[in-house]
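I have placed the structure first, in the form of structure tokens, so that the comments after it can refer back to it.
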Amino acid sequence: MRTAAIYGCAGHVLTEAERAFFAEQRPWGFILFRRNIDTPDQVRALTAALRAAVDDPKTPILVDQEGGRVQRLGPPHWAKYPPADAYLKATNDPLAARELVRLGARLMAHDLKAVGIDIDCAPVLDVPTPGAHDIIGDRAYARDPALVAQLGRAAAEGLLAGGVLPVIKHMPGHGRAFGDTHKELPTVHADLATLDAWDFAPFKALSDMPIGMTAHIVFTAIDAKRPATQSKKAIRLIRETLGFKGLLLSDDLVMNALSGTLTERAAKSLKAGCDLVIHWNGDMDQMRQVAAGVGKLKGGAARRAAAALARIVHTPEPLDPVEARDRLDAMLAGRLDAARGPDVAEAQA
């Protein structure tokens with residue numbers, strides 16, 4: 001039986017201490033960051049080593065690959081992807097932007113699958129409000145809930161078609177926060193009707209997605225005392241009001257929005273209703289603290305985890321990555337006619 005945690009590792013290769021810890025703890029999955037990324041061969045070797053450490057070739061491996069500021073695999077070995085808001089800016093046409101977003105996500109899935117990564121912590125479904133902290137900023141697809149939902153679904157579909165599971169984040173919404181949860185605990189004072197019409201809307205629209213991630217934010221209209229990650233009331237709202245039945249991950253436990261020891265942070269998040277907790281930085285002492293607050297993955301959480309992994313497409317949609325990349329670049333440059341081909345251009349003339 002696996003434990004209800006996702007851990008990182010310190011570098012490009014596993015240490016013996018990491019191998020022993022992972023073999024003992026048997027976490028549900030692993031997450032990679034830029035410190036773990038060098039070359040494609042190195043990443044493939046690392047993902048294989050992580051799976052070997054828990055003696056399970058199907059162990060999930062995650063990464064944050066959104067594009068823009070949040071891209072763990074990048075040049076010179078992988079293409080650079082634009083931030084989420086670049087797609088709509090390139091076209092000013094929601095339908096064309098949807099095509100762009102899906103194509104970009106399909107290419108990302110191709111990159112990730114090739115090195116053994118099968119879950120991408122994207123798309124961001126947060127909808128920024130005026131004056132909000134720019135920690136979301138250009139990571140948002142648009143400044144309108146309906147457009148965010150439309151483009152977020154395109155991203156999720158592109159990832160799924162390439163055999164990579166999407167993670168919708170940050171539930172129930174991070175776009176209204178006036179602080180960076182990496183540094184502090186933001187509090188949102190909007191009423192439920194306002195939140196429902198704006199912040200919750202994209203998550204409701206994509207409630208069928210396999211995996212979601214919580215926000216370390218206090219919503220006074222939901223629970224004035226606890227951040228959503230550690231609030232039973234907020235998790236109940238995610239399940240009932242937003243209608244999300246998938247696997248629910250905490251955001252990273254190390255972020256300063258959370259208080260208490262790492263053992264307490266892990267235990268509170270799981271007790272509130274998160275299915276799994278994430279500890280990202282690979283610090284061995286910290287991982288041991290997290291492990292003390294984490295139990296076995298069982299019951300509904302285990303069933304949701306299995307259901308999520310069952311959504312992985314093992315024969316990805318066909319893709320010519322060179323042609324697709326050329327088409328994406330052309331479309332992002334605004335050359336939609338050139339990207340769509342001469343027949344389309346002639347028909348639109």
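Hey, what do the phi angles of region 165-171 turn into as Karplus ³J(HN,Hα) couplings, whole Hz, using 6.51/-1.76/1.60 and θ = phi - 60°, x for Gly and Pro?
Working through the residues one at a time gives 7, x, 10, 7, 8, 10, 6 Hz.
List the trypsin sites (Lys or Arg not before Pro) within region 33-96 that fall in a DSSP loop (any state other than H, G, I, E or B) and whose Cβ has at most 16 other Cβ atoms within 10 Å.
On the way: sites: ARG34, ARG35, ARG44, ARG51, LYS58, ARG69, ARG72, LYS80, LYS89; in loops: LYS58, ARG69, ARG72, LYS80.
When the trypsin sites (Lys or Arg not before Pro) of region 33-96 are filtered for loop state and at most 16 Cβ neighbours within 10 Å, LYS58, ARG69, LYS80 remain.
For LEU165, list long-range residues whose amide hydrogen, built 1.01 Å from N in the peptide plane, is under 5 Å from its own amide hydrogen.
ILE119, ASP120
Taking 30 Å as R0, compute the FRET efficiency from the Cβ-Cβ separation of PHE178 and PHE33 and round it to 0.05. Numbers along the way, then the final one.
Details: r = 26 Å, r/R0 = 0.88.
The value I calculate is 0.70.
Assigning unit charges at the beta carbon (Lys, Arg +1; Asp, Glu -1) and nothing else, what dipole magnitude in debye, to the nearest 20, does region 63-220 show about its Cα centre? Write out the running numbers ahead of the final one.
Values: 15 positive and 19 negative charges, 63 e Å.
The dipole of region 63-220 has a size of about 300 debye.
Please give the contour-minus-distance gain from LYS80 to ALA114: 0.36 nm per residue of separation, less the Cα-Cα distance, rounded to one decimal in nm.
On the way: separation 34, 0.36 × 34 = 12.24 nm, distance 1.63 nm.
Length gained between LYS80 and ALA114: 10.6 nm.
Considering the options GLY137, ALA97, SER207, tell which one lies farthest towards the positive end of the dipole of region 3-318, charges being +1 on Lys and Arg and -1 on Asp and Glu at the Cβ, about the Cα centre.
Positive-most Cα among the choices belongs to SER207.
When a/c reaches 1.5 or more, the comparison of a/b and b/c decides; with that in mind, is region 149-282 rounded, prolate or oblate per its Cα gyration tensor?
Working: a/c = 1.69, a/b = 1.21, b/c = 1.40.
It comes out oblate by the Cα gyration axes.
So who's got an amide H within less than 5 Å of the one on MET171, skipping anything under 5 residues away but keeping other chains? H placed 1.01 Å off N, in plane.
Residues meeting the amide H criterion: MET213, THR214, ALA215.
May I ask you to evaluate 6.51 cos²θ - 1.76 cosθ + 1.60, the Karplus curve with θ = phi - 60°, for each residue of region 141-156 and list the ³J(HN,Hα) values in order in whole Hz, giving x for glycine and proline?
Once rounded to whole Hz, the list reads 6, 6, 10, 9, x, 5, 5, 4, 5, 5, 6, x, 5, 4, 5, 4.
Using unit Cβ charges (K, R positive; D, E negative) and no other charged atoms, how large, in debye to the nearest 20, is the dipole of region 110-198 about its Cα centre?
The dipole of region 110-198 has a size of about 60 debye.
Apply 1/(1 + (r/R0)^6) to the Cβ-Cβ distance of LYS58 and ASP320, taking R0 = 30 Å, and write down the FRET efficiency to the nearest 0.05. Let's see the in-between values first.
On the way: r = 28 Å, r/R0 = 0.93.
Rounded to the nearest 0.05, the efficiency is 0.60.
Any idea what the dipole of the chain comes to, in debye rounded to 20, about its Cα centre with Lys/Arg Cβ at +1 and Asp/Glu Cβ at -1? Provide the component values of the computation, followed by the final result.
Numbers: 43 positive and 42 negative charges, 248 e Å.
With only Lys, Arg, Asp and Glu charged at Cβ, the dipole is about 1180 debye.
Which listed residue (VAL43, CYS121, GLY243) has the Cα farthest towards the positive end of the charge dipole for the chain, taking +1 on Lys and Arg C-beta and -1 on Asp and Glu C-beta about the Cα centre?
Ranked along the dipole, the leading option is GLY243.
What's the ranking of 274-285, 241-252 by average number of surrounding C-beta atoms within 10 Å, highest first?
Values: 274-285: 21.1, 241-252: 23.2.
Ranked by mean Cβ neighbours within 10 Å, highest first: 241-252, 274-285.
Averaging sequence separations of C-alpha pairs under 8 Å and six or more residues apart, then dividing by the length of the chain, give the relative contact order as a whole percent.
17 percent.
Would you work out which of MET108, GLN71, GLY293 lies farthest towards the positive end of the dipole of region 3-318, given +1 charges on the beta-carbon of Lys and Arg and -1 on that of Asp and Glu, about the Cα centre?
It is GLY293.
Pick out, in residue order, every one of the trypsin sites (Lys or Arg not before Pro) in region 106-189 that is DSSP loop and has at most 12 other C-beta atoms within 10 Å; say none if there are none. Spell out each step's value before the answer.
Values: sites: ARG106, LYS113, ARG139, ARG143, ARG153, LYS169, ARG176, LYS183; in loops: ARG143, ARG176, LYS183.
Of the trypsin sites (Lys or Arg not before Pro), the ones in loops of region 106-189 whose Cβ has at most 12 other Cβ atoms within 10 Å are LYS183.
What does the extension gain come out to for ASP329 and THR194, with contour length at 0.36 nm per residue minus their alpha carbon separation? The partial results should precede the final answer.
Working: separation 135, 0.36 × 135 = 48.60 nm, distance 3.77 nm.
The span from ASP329 to THR194 would gain 44.8 nm if fully extended.
Each reported figure results from applying straightforward, stated rules to the coordinates on display, with no laboratory input. On a predicted model such as this, the values are computed, not experimentally measured, just so you know. When we count neighbours, we look across all protein chains shown, and the Cβ atoms used for this are built from the backbone with ideal geometry, even at glycine.
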